[in-house]
Amino acid sequence: MIRLRPLHALILNAGVFSPTQKMTIDGLEMTFGVNHVAHQYLVRELLPLLRQSNARVVVVASTSHCHTGSLEQGAATTVYCAASPEVHEVSGKYWESCWDDEKNFDEQLARDEELQDALWEKTDKLLDKFESDRQPIKTVTEAGNK
């Protein structure tokens, strides 16, 4: 039996952006596939451990295109949200430079729970389909995606 250690934080960081449209091997637009679908898949797979560990999940949106500070400055808000006892009970907020920055957030769209639920459900169905259609790694490698 595999014994898992507690998972204290899961940081979901935007992983890719391309100025031209690219597709994943699964046929998804690359930015959507990597930055949303893959994140939901990871959360879904880790959900029992996340709940058991009372872990924090931090979803990072990037302003790297306008960030001119140090690596430490760039990581500060993510580390703060993942580790600070001051925000342990805080959920669903938009943070910038270690501050609750809700005033600069499109709250009407972001707080639409019906839209959130619909996106979650559609993504779950997409993941279910990918899992049922999963091909061996050999097939993926032979397709030229090394």
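The values are calculated or read from the model by the stated rules, or taken from the named source; none is laboratory data. None of these values were measured; they are calculated from a predicted model. Cβ placement follows ideal geometry from the backbone for every residue including glycine, while neighbour counts extend to all protein chains displayed.
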Checklist entry - Tell me, which residue of region 97-127 that is of a type in the set (Asp, Glu) and loosely packed, with under 11 Cβ neighbours inside 10 Å is nearest to Gly74 (Cα to Cα)? => result Asp106
Item to check | Subset of region 8-45 (residues that are surrounded by 12 or more Cβ atoms within 10 Å (Cβ to Cβ) and farther than 22 Å from Ala61 by Cβ) | outcome: Ile25, Asp26
Item to check | Candidate set from region 76-95 (those that are surrounded by 14 or more Cβ atoms within 10 Å (Cβ to Cβ) and free of Cβ contacts under 8 Å to residues at least 40 places away in the same chain); member that is nearest to Val58 (Cα to Cα) | outcome: Cys81
Next on the checklist: Based on this model, can you work out whether Thr123 counts as at pLDDT below 90 and among the β-branched types (Val, Ile, Thr)?
Outcome noted: no
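Yes or no, residue by residue, for (1) of a type in the set (D, E, K, R); (2) touching a helix residue (DSSP H, G or I) at 6+ places or on another chain (Cβ under 8 Å); (3) over 16 Å from Thr123 (Cβ atoms); (4) part of a loop (DSSP other than H, G, I, E, B):
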| position | (1), (2), (3), (4) |
| --- | --- |
| Phe17 | no, yes, yes, yes |
| His36 | no, yes, no, no |
| Lys93 | yes, yes, yes, yes |
| Lys103 | yes, no, yes, no |
Next on the checklist: Looking at region 44-63, can you tell me whether even one residue there is modelled with pLDDT under 85, farther than 18 Å from Gln116 by Cβ and in a helix (DSSP H, G or I)?
Outcome noted: no
